Amino acid sequence: GSQVVDRKVDSVCPFCGVGCLVTYNVRDEKIVSVDGRDGPANHGRLCVKGRFGFDYVHHDQRLTRPLVRKPGVPKDPAQTPDPANWREVFREATWDEALELAAGGLKRLRDTHGNKALAGFGSAKGSNEEAYLFQKLVRTGFGSNNVDHCTRLCHASSVAALLEGVGSGAVSNQVNDVGQAELILVIGSNPTGNHPVAATWMKNAAKRGTKIVLADPRVTDLGRHAWRVMQFKPDTDVAVLNALIHTIIEEGLADEAFVRERASNFEALRDNVRGYSPEAMAPICGVPAPLLREVAREFAKAKAAMILWGMGVSQHVHGTDNARCLIALASVSGQIGKPGSGLHPLRGQNNVQGASDAGLIPMMLPNYQRVDDARVRAWFEDFWGTPLDDKPGYTVVEIMDKVLAEEADPHKIRGMYVMGENPAMSDPDLHHAREALASLQHLVVQDIFMTETAWLADVVLPASAWPEKTGTVSNTDRMVQLGRRALDPPGDAKPDLWIIQQIAQRMDLDWRYEGEESGVAAVYEEMRQAMHAVIAGISWERLERESSVTYPCLSEDDPGQPIVFTDSFPTPDGRVKLVPADIIPAAERPDAEFPFVLITGRQLEHWHTGSMTRRAAVLDAIEPMATASMNGEDLRALGLAPGDVVTVRSRRGEVALHVRRDDGTPGGAVFIPFAYYEAAANLMTNPALDPFGKIPEFKYCAVQVLPG
Ligand code: SF4
């Protein structure tokens, strides 16, 4: 119904990478409802998270004062945090005291042990401006490239393959383009759960005749709208994709002109897939050979066919190989560089694209300029007025290992600054990650709640929720979108951009960003210069006017380029590089003792580590507790009924939770969302890494499922 409100403030949904534009309706300094705005990615639509997941902002567990660990209170990695009773562990402090302690501790470690002693985690939940300033702080203040964020757990492998293959890590075509496609291949992705408004475009397209092929070990809701479902065995992506490529090449369906003019290394790819016929792969991947051939033919013959993928592709030790196969599949078919075609790795978080673009990654400066390229470094050394480290830094999982390194290791990490990230829930093998966090000599955590990570901190800095600040985020479609401040932060909580600058100044950086909202426009304009041409046409004023602009955008009158690679690729030779891939098994296979496969992921109502959505009343009411999904036959074989409690245990950890019947989950597998601290799925996951993207294998490890 209609409500009387004091003001309406335009912003962006804080959850997934679809990037729906919203309006916050504010009454008495509280958000009372959220409306969908007519944004380019959502046309007024919102999913349940965007519409109802806002009251976390007003939750009584919001951090409102800086906190300092009480002397003598040990950091116990085994203890479950109690956000309501933090007073046993921390005392309140003034900002001055907390900032002195936070920055002073980091500075002391840097000055005593050198610039490898520190690391920083930013977050894909922060704005572009926060990401840019945070990586600049680590690079110029901490003195190393040890800066990363949850992209490492997300599409790092996809990006590794894309940079190698097509020269750019971003999507080639926007989600809405599915309406132009004759066929879309959705693989390793559950869009109805995780990109719900994007899924509505897919379903609308299907209604108008677009063929959806859903390829996934789990048959999710989109399967009901699919023309064909290829339910393949977990971990067999390369077998499936090479069989498709094999069919296209061997049946003479390849786009010869495209391959000749726009691709390189085709012969190596062709030779490699010779042994991957659908008939040879069917027993491995579980998809019947005629279905593989049918899908391959339709994909190649379609006037336009598009590939969209998610973490099911990326979170494997062979995640980069999986994405290489997708690039090859699109390329040999010529399905790239035109409307309704191309490659779309669906970005998970609202700003995982933008945070990576802004340089919040250890091997690259803003806009994917490599830290080990002397020319790039010279430009930034001049721009920032500071010498820079020429070695790529450590990645998320490697940083935890380096925290636990021997005392004598010159690269041992001793202090960390974590902004808006919750590695004590999101990292693989949580016992290890929590032990590492607890062992740090100095941990500064900046967040809006007492997260599992903040619980292990020395200093906790109370930050702003998304509706409490102004900034830009970049969605899965390469749209830079402006969020505006709707509220003031509660109590003494401060905007993250202000906090980063306070830490920087106390680490002797002479930063000045003048202007409203902690100088956000000045920070954006500096970032725009650092990113060179790609967002050159997106000024702050333009964002204030238009709210959303797609990049690449080269000048003020460039409307932005929704489709890229139309005539060449940003690779050294202008061609897409085809990279053959072979089957590499998961790092840990099921055996007699641990017979089930654990697959982790998200669910519609809950966001990542749950710190926001589990404090949103409607979302919590819909999904109040952790569940493990298994199919009916497995439940019967184990003598279980839906709702029974089970213990799921891997070699690294165990959780107890209720089982839910889901016949889309394949036999021999159990699916658990990672949002629940009381049954944290990542206690069990395997930290084995993809060698290229350094992404852990969240989608596959061996577990037992025991009644009770
Ligand atoms: Fe927010 Fe994503 Fe839902 Fe849109 S689809 S409302 S961006 S969570």
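The values are calculated or read from the model by the stated rules, or taken from the named source; none is laboratory data. Quick caveat: nothing in here was measured; it's all calculated off a predicted structure. When we count neighbours, we look across all protein chains shown, and the Cβ atoms used for this are built from the backbone with ideal geometry, even at glycine. Just so you know, the surface numbers come from the protein's heavy atoms only, side chains and all, with ligands and any DNA or RNA stripped out. Shrake-Rupley method; radii C 1.70, N 1.55, O 1.52, S 1.80 Å.
Identify, please: which residue in the range 156-191 is open to solvent by less than 20 Å² (accessible area, probe 1.4 Å) and within 16 Å of the ligand (Cβ to nearest atom) and is, among those, farthest from ALA263 (Cα to Cα)? Spell out how you get there, then give the answer.
First, the residues of the range 156-191 that are open to solvent by less than 20 Å² (accessible area, probe 1.4 Å): 156-158, 161-162, 165-166, 169-173, 175, 178, 181, 183-189, 191.
After this cut, where a residue has to be within 16 Å of the ligand (Cβ to nearest atom) as well, the list is 171, 175, 178, 186, 189, 191.
Values: VAL171: 18, VAL175: 24, VAL178: 24, VAL186: 24, SER189: 27, PRO191: 30 Å.
In this case the residue turns out to be PRO191.
Could we say that ALA302 is closer than 30 Å to LEU133 by Cβ and not hydroxyl-bearing (Ser, Thr, Tyr) here? Before you say what the answer is, go through the steps one by one.
Numbers: closer than 30 Å to LEU133 by Cβ: no; not hydroxyl-bearing (Ser, Thr, Tyr): yes.
Answer is no for this residue.
Considering (1) in contact with an Asp or Glu (Cβ under 9 Å, 6 or more places away or on another chain); (2) touching a residue at least 60 places away in the same chain (Cβ under 8 Å); (3) not basic (Lys, Arg), say which one ALA530 fails and leave the rest.
(1)
Would you be able to tell me the number of residues in the range 591-610 that are within 16 Å of ALA628 (Cβ to Cβ) and away from the ligand (no atom under 16 Å from the Cβ)?
7
Out of all the residues in the range 225-239, which are open to solvent by 10 Å² or more (accessible area, probe 1.4 Å) and either within 16 Å of the ligand (Cβ to nearest atom) or under 24 Å from LYS301 (Cα atoms) (or both)?
Taking the range 225-239 first, the residues open to solvent by 10 Å² or more (accessible area, probe 1.4 Å) are 225-229, 231, 233-236.
Listed by number, the residues that qualify are HIS225, ALA226, TRP227, ARG228, VAL229, GLN231.
Looking only at the range 402-449, how many residues end up being touching a residue at least 12 places away in the same chain (Cβ under 8 Å) and not in a helix (DSSP H, G or I)?
If we filter the range 402-449 for residues that are touching a residue at least 12 places away in the same chain (Cβ under 8 Å), which is where we start, we get 402-404, 410-449.
Narrowing further to those that are not in a helix (DSSP H, G or I): 404, 410-422, 427-429, 440-449.
Matching residues across the range 402-449 total 27.
When the range 301-333 is examined, which residues are found to be outside any loop (DSSP other than H, G, I, E, B) and over 19 Å from VAL166 (Cβ atoms)? Lay out the reasoning, then the answer.
Kept after step one, since they are outside any loop (DSSP other than H, G, I, E, B), are these residues of the range 301-333: 301, 305-309, 311-314, 319-332.
Within the range 301-333, LYS301, MET311, GLY312 meet the criteria.
Which residues, taken from the range 18-63, are of a type in the set (Ser, Thr, Tyr) and within 23 Å of the chain's Cα centre (by Cα)? Give the derivation first.
First, the residues of the range 18-63 that are of a type in the set (Ser, Thr, Tyr): 23-24, 33, 56.
Within the range 18-63, just TYR56 meets the criteria.
Would you point out the residue of the range 677-698, among those that are hydrophobic (A, V, I, L, M, F, W, C) and in a strand (DSSP E or B), that is farthest from the chain's Cα centre (by Cα)? Explain how you work it out, then say what you get.
The first filter runs over the range 677-698 and keeps only residues hydrophobic (A, V, I, L, M, F, W, C), leaving 679-681, 683-684, 688-689, 692, 695, 698.
Restricting the remaining residues to those that are in a strand (DSSP E or B) gives 688-689.
Numbers: ALA688: 18, LEU689: 16 Å.
Per the stated criteria, the residue is ALA688.
So which residues in the range 660-687 are crowded, with 24+ Cβ neighbours inside 10 Å, in contact with a helix residue (DSSP H, G or I) (Cβ under 7 Å, 6 or more places away or on another chain) and under 17 Å from MET630 (Cα atoms)?
Scanning the range 660-687 gives ILE672, PHE674.
Restricting attention to the range 452-466, which residues are touching a Gly at 6+ places or on another chain (Cβ under 9 Å) and either open to solvent by 10 Å² or more (accessible area, probe 1.4 Å) or not in a strand (DSSP E or B) (or both)? Talk me through it step by step, then tell me what you get.
Taking the range 452-466 as the starting set, the residues that turn out to be touching a Gly at 6+ places or on another chain (Cβ under 9 Å) are 458-459, 462-463, 466.
Of everything in the range 452-466, those that are touching a Gly at 6+ places or on another chain (Cβ under 9 Å) and either open to solvent by 10 Å² or more (accessible area, probe 1.4 Å) or not in a strand (DSSP E or B) (or both) turn out to be ASP458, ALA463, TRP466.
Any idea which of ALA621, ALA617, ALA587, ALA628 is more than 20 Å from the chain's Cα centre (by Cα) and surrounded by 23 or more Cβ atoms within 10 Å (Cβ to Cβ)?
Details: ALA621 fails: surrounded by 23 or more Cβ atoms within 10 Å (Cβ to Cβ); ALA617 fails: surrounded by 23 or more Cβ atoms within 10 Å (Cβ to Cβ); ALA587 fails: surrounded by 23 or more Cβ atoms within 10 Å (Cβ to Cβ).
ALA628 is the lone residue from the list that is more than 20 Å from the chain's Cα centre (by Cα) and surrounded by 23 or more Cβ atoms within 10 Å (Cβ to Cβ).
Only residues that are among the hydrophobic types (A, V, I, L, M, F, W, C) and either without any contact (Cβ under 8 Å) to a residue 12 or more places away in the chain or more than 10 Å from the ligand (Cβ to nearest atom) (or both): list them for the range 192-219, please. First the steps, then the outcome.
Kept after step one, since they are among the hydrophobic types (A, V, I, L, M, F, W, C), are these residues of the range 192-219: 197-199, 201-202, 205-206, 212-215, 219.
Matches in the range 192-219: TRP201, MET202, ALA205, ALA206, ILE212, VAL213, LEU214, ALA215, VAL219.
With the condition being within 16 Å of the ligand (Cβ to nearest atom) and surrounded by 15 or more Cβ atoms within 10 Å (Cβ to Cβ), I'd like the strands (runs of 3 or more DSSP E) fully within the range 1-86 carrying at least 1 qualifying residues. Quick ask: steps written out before the conclusion?
On the way: elements: 7-12, 21-27, 30-36, 67-69.
Counting at least 1 such residues, we get 7-12, 21-27, 30-36.
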